[in-house]
Structures are given as structure tokens and as C-alpha cells.
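Shown next, in C-alpha cells, is the structure this report addresses.
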Ligand SMILES: CC(C)(COP(=O)(O)OP(=O)(O)OC[C@H]1O[C@@H](n2cnc3c(N)ncnc32)[C@H](O)[C@@H]1OP(=O)(O)O)[C@@H](O)C(=O)NCCC(=O)NCCS
């Protein structure tokens, strides 16, 4: 029996960092991996209209392969106070697309949006066991200024309340000039 020989080739993919649109909502679930965040994504998307949040996606062929959200004002004023500090969160890149600077581009795009709106600080929380992400943030100038027990809850796609407990470091970066 003839066996098909292996064939190798390379491809180049264009990635666009843009604001999230309604059509991204089902795709952001990444074929079920994030279906539990269905309501979280929708409510965040709705907040985008009121200007409370800005949701960035890395788009590859109209599929959101990465995401990073900005919260402008939070009950936790040390994270986001609506005029000087804003909070970056929900940061993820599809595993197959990692380590190709998409995450870095998302961070840079978010910081640029904040600079244009005259914010002077960006804040981020990172789980204390997520050494890879911590390394990435520190490389981009974020420093630890505190810690949090990372307790929060959300309603999943089945209407069940889910509780999260993820102790994290709080990081911040001063946004100055162009980078
Ligand atoms: C963190 C994350 C968004 C980075 O995206 P990315 O496109 O791979 O980022 P970049 O290519 O710009 O940078 C790569 C760096 O990310 C960091 N990193 C964090 N988690 C990583 C992981 N699971 N695998 C590989 N790199 C990771 C490393 O510092 C890596 O640099 P290195 O290759 O020198 O070690 C991505 O790894 C991810 O989705 N991780 C799972 C979700 C997560 O941990 N989110 C952060 C929550 S605070």
C-alpha cells in the first residue's frame, strides 16, 4: 500500500488587534473552553457601550485568537479609578498561537489606548502560581504593588454561581510618553 509522504509547508497569518464586536461573543468561547464565561463576556461587551470597559481581541481570519479587556472604573479604586488608573484583565491567547508576541501586542495596544485617554497607570492581577505571565508583565515594566485574595464569583452559562479563589499579585505600570 502506498503511504502518502509527509508534506511540510509554512504559512503566514495576519493578526489585527481591534475592539470586540457582537459577532465575536460566541467565538470567544473557543469551542467550549470558555463557555462558562458566556454571561461574563456578554455583560462586559454591554459595558463597552457605556464606556466602562474596552474589550480588545486579536483577530485572525475573523476569529478572536486572543483577548485583553480594560476596566476603567472599579469598586477597587487602587485597580481602576475612572481617570488615572485602569485595570487590564481577562488576558488570554489561544494555546496554538502563544509565544508569537500576540499577548505583547495586546498589552501594548491597551496601554496606547490608555495613554490617549490620559491615564497614567495600568494595573494587572496575576495568579501567584502563574510565573510565565508574571515574567511577561515584569518584562514590560509592571511591578508588584500588593496582593489580593482573588475571591470573586460569576454566573456561568447554566445560570450556576461559580466561586473563584485565586490569590494573586497586583501589578502596576506608569504610562509615560510613547513606547
Ligand atoms: C499569558 C499569555 C496571554 C501570553 O500570550 P503570548 O501571546 O504567548 O505572549 P507573548 O508571545 O507576547 O509572550 C510570551 C511570554 O508569555 C509568558 N507566558 C505566560 N504564560 C505562558 C504560557 N502558558 N506559555 C508560554 N508563555 C507564557 C512568558 O513570559 C513568555 O515569554 P518567554 O517565551 O520568554 O518565556 C498566554 O500565555 C496565555 O494565554 N496564557 C494562559 C492564560 C494566562 O495565564 N493569562 C494571564 C492571566 S494574568
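Odds and ends about this structure:
- Residue, farthest from the ligand (Cβ to nearest atom), within the range 119-142, restricted to residues that are more than 19 Å from residue 102 (Cα to Cα) and over 16 Å from the mean Cα position of the chain (by Cα): 120
- Candidates 108, 88, 28: the one that is under 15 Å from the mean Cα position of the chain (by Cα) and away from the ligand (no atom under 12 Å from the Cβ) is 28.
- Scanning the range 109-165 for residues that are in contact with a strand residue (DSSP E or B) (Cβ under 7 Å, 6 or more places away or on another chain), surrounded by 12 or more Cβ atoms within 10 Å (Cβ to Cβ) and more than 23 Å from residue 78 (Cβ to Cβ) yields 109, 155, 156, 162.
- Hey, residue 46 in a loop (DSSP other than H, G, I, E, B), at pLDDT 95 or above, more than 20 Å from residue 13 (Cβ to Cβ) and more than 12 Å from the ligand (Cβ to nearest atom) or not: no
- Search result, residues across the range 1-43 that are in a loop (DSSP other than H, G, I, E, B) and surrounded by 14 or more Cβ atoms within 10 Å (Cβ to Cβ): 20, 21, 28, 29, 30, 34
The values are calculated or read from the model by the stated rules, or taken from the named source; none is laboratory data. The structure displayed is predicted, hence computed values, not measured ones. We place every Cβ from the backbone using ideal geometry, glycine too, and count neighbours over all the protein chains shown.
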